[in-house]
Amino acid sequence: MTRERLALGVSELESRVGQPLPLAQSLHEALLGAVFPLTAEELTWVARENEAPRLVLSLLSSLPRGHFASVDAVAVALEGSLSGEDLPAAQPPPR
């Protein structure tokens, strides 16, 4: 998924659920009950269980490999991807 598609996905999400709903709040609701650290795949599973919108699921599935320590780490990674920055929010996978 390209950064442009990610940005379009967030714009579409905001247009469907309303502008005042920040990404952090959507992530918090989608990942309610998650026990960290989790991989992007595990985050997507939790979000599916919480019946997250399709666009949130798509954003989560586009996260880099590694483990995320918290919802905040996930938000930083997504915001970095959307802004074009390469932020090391994910920890490398354990060996």
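The values are calculated or read from the model by the stated rules, or taken from the named source; none is laboratory data. This structure is a prediction, so every number in the text was calculated from the model and none was measured. Glycine also receives a Cβ, built like all others from the backbone with ideal geometry; neighbour counts cover every protein chain displayed. Each accessible area value is taken on the protein alone, full model and side chains, heavy atoms only, with ligands, DNA and RNA left out. Shrake-Rupley method; radii C 1.70, N 1.55, O 1.52, S 1.80 Å.
Quick notes
- Taking amide H atoms as placed 1.01 Å from N in the peptide plane, the amide H of His67 lies under 5 Å from those of Gln91, each 5 or more residues away in sequence or on another chain.
- A simple spin-label model places the labels of Ser70 and Trp45 2.4 nm from each other, with each point 7 Å out along Cα-to-Cβ.
- Prolate/oblate/rounded call for segment 25-73, Cα gyration tensor, a/c under 1.5 rounded: oblate
- List Thr39, Thr44, ordered by accessible area with a 1.4 Å probe, largest first: Thr39, Thr44
- Sequentially through segment 73-81, phi angles give Karplus couplings (6.51, -1.76, 1.60; θ = phi - 60°) of 5, 5, 4, 4, 5, 5, 5, x, 5 Hz, Gly and Pro residues having no value and appearing as x.
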